[in-house]
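Here is the structure we will look at, set down as structure tokens.
The values are calculated or read from the model by the stated rules, or taken from the named source; none is laboratory data. Computed from a prediction, not measured in an experiment: that's the story for all the values here. Here the Cβ positions follow ideal geometry from the backbone for every residue, glycine too, while neighbour counts run over all protein chains shown.
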Amino acid sequence: SGKTYRNPRVGTTYFFHGDIQCTGSENNITLCLGKWQKITRNQASVAGVDCEEARVRVIEKNIFGRAEVFYRNIWGTICDDNWNTAASRVFCRSMGYSDGNFVANSLTDDGIGNIWLDDVNCNGNERRIVDCPHATIGVHNCRHIEDTGVNCTIVPKRFLSNGHAEVFYNGEWGGICDNNWNIYNTMIFCLELGYTSGITLERSTTKYSTKTWLQNVQCLGRETYIDQCSHSNWIDQTCPTNSYVRLSCSSNPVYRTHRLIISFSEGTEGTLNVTMNGVKAILAMSSMPNRITEALCKTKGFSTGTILQYINFGVSQKHSCIDFIDTFNDTWVINYKQCGYGSVNIPFIRCANEIYRVIGKDENEGRLEVNINGVWGNLCSTSWNNTGATLACNALGFE
């Protein structure tokens, strides 16, 4: 899918014009109605698009269940006509998993609503399921009893006595490049192995494994498996920094509790001070997801919160800082360290009560309502656009 925009950067002298009219069912822009002719135009007349990645998901158990695709802002199913293991592998790989298999539709729940894809015929080398040959989107001769299912593969993982993190892929253990590795990655990696906590060790510049299967792994903290995090393709990698992930998992985290005592420097906003188990520290997390900000504000009785800016005090004095805080299984997990203000960014947080809410079948789409003086009402606007929608979605905690 994609959004239109005006006045894109011009990269050629000649343009094609013809009052193009598309219905959305065409497989190629040249199939749209219009009189195509080569002309010279100024930049103001040039059309542009902002394309979005095709989204897919597995319904039921994250890795096992009914396969769905997102089209025209609606989730829909895939008919199992011609569906095979190659298609399952493409589908699962597009979600970040290493592999996948076909699941009989008798083992998954039937979907409802739209059936978007039919007669999908993959060879297994495609990057996305929509890159495989298929019938026109939305055209099919199927019922939901024929919805296809997939079982995506989770690669085994381990960490060695020297701390090297490894994944098992294509019959061989391999390391992980440390570029963009963060504390969320470590926590997800360790939780997946059955531990309750983990810490990132000093990176290694020695290649311990013959293969290096992953790089640029970036988890948000809400994933169940490392495979679900954003990462490179599953191939033998060359690490940009020639350094590899080392970590240590434990069932005894530094601090784990059901309750926090927090205070802001300026009433309902400011830098955040945390007291837990008698230890006081300032929150110094350089990149914090909206959901954590909201969870912290909820402990103070507010319904939502946002980070206004990140502050660097530029003071060299050592302080107790928190460089990681998150909620796992209804408890808070915190990592303390000594850090100078000059070496960290400190979030300036503002808590407030809910301003927006979405009324619809899903929490992420529907009618937008606004709270004014405690009264909820619809938002009416003849000039509503993607910018306003983005601001509202950010305020609701979506990225």
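Suppose the filter is crowded, with 18+ Cβ neighbours inside 10 Å and of a type outside the set (Gly, Ala, Ser); does residue 139 pass it? Walk me through how you get there before you give the answer.
Details: crowded, with 18+ Cβ neighbours inside 10 Å: no; of a type outside the set (Gly, Ala, Ser): yes.
No: the conditions fail for residue 139.
Report yes if residue 357 is touching a Ser or Thr at 6+ places or on another chain (Cβ under 9 Å), within 28 Å of residue 223 (Cβ to Cβ), at pLDDT 70 or above and in a strand (DSSP E or B), otherwise no.
Values: touching a Ser or Thr at 6+ places or on another chain (Cβ under 9 Å): no; within 28 Å of residue 223 (Cβ to Cβ): yes; at pLDDT 70 or above: yes; in a strand (DSSP E or B): yes.
Answer is no for this residue.
Against the definition (out of contact with any Gly (no Cβ under 9 Å at 6 or more places or on another chain) and at pLDDT 90 or above), how does residue 99 come out, yes or no? Give the steps one after another, and end with the answer.
Numbers: out of contact with any Gly (no Cβ under 9 Å at 6 or more places or on another chain): yes; at pLDDT 90 or above: no.
So residue 99 fails the test.
Which numbered condition trips up residue 115, out of (1) without any contact (Cβ under 8 Å) to a residue 40 or more places away in the chain; (2) surrounded by fewer than 18 Cβ atoms within 10 Å (Cβ to Cβ)?
(2)
In the range 95-109, what count of residues is obtained for those that are surrounded by 19 or more Cβ atoms within 10 Å (Cβ to Cβ) and among the polar types (S, T, N, Q)? Steps first, answer last, please.
So the first thing to find is which residues in the range 95-109 are surrounded by 19 or more Cβ atoms within 10 Å (Cβ to Cβ), and the list is 95-98, 100, 102-103, 105, 108.
Filter again for among the polar types (S, T, N, Q), leaving 98, 105, 108.
The qualifying residues number 3.
Does residue 169 satisfy being buried (at least 16 other Cβ atoms within 10 Å of the Cβ), more than 23 Å from residue 286 (Cα to Cα) and within 26 Å of the chain's Cα centre (by Cα)? Spell out how you get there, then give the answer.
On the way: buried (at least 16 other Cβ atoms within 10 Å of the Cβ): yes; more than 23 Å from residue 286 (Cα to Cα): yes; within 26 Å of the chain's Cα centre (by Cα): yes.
Yes: the conditions hold for residue 169.
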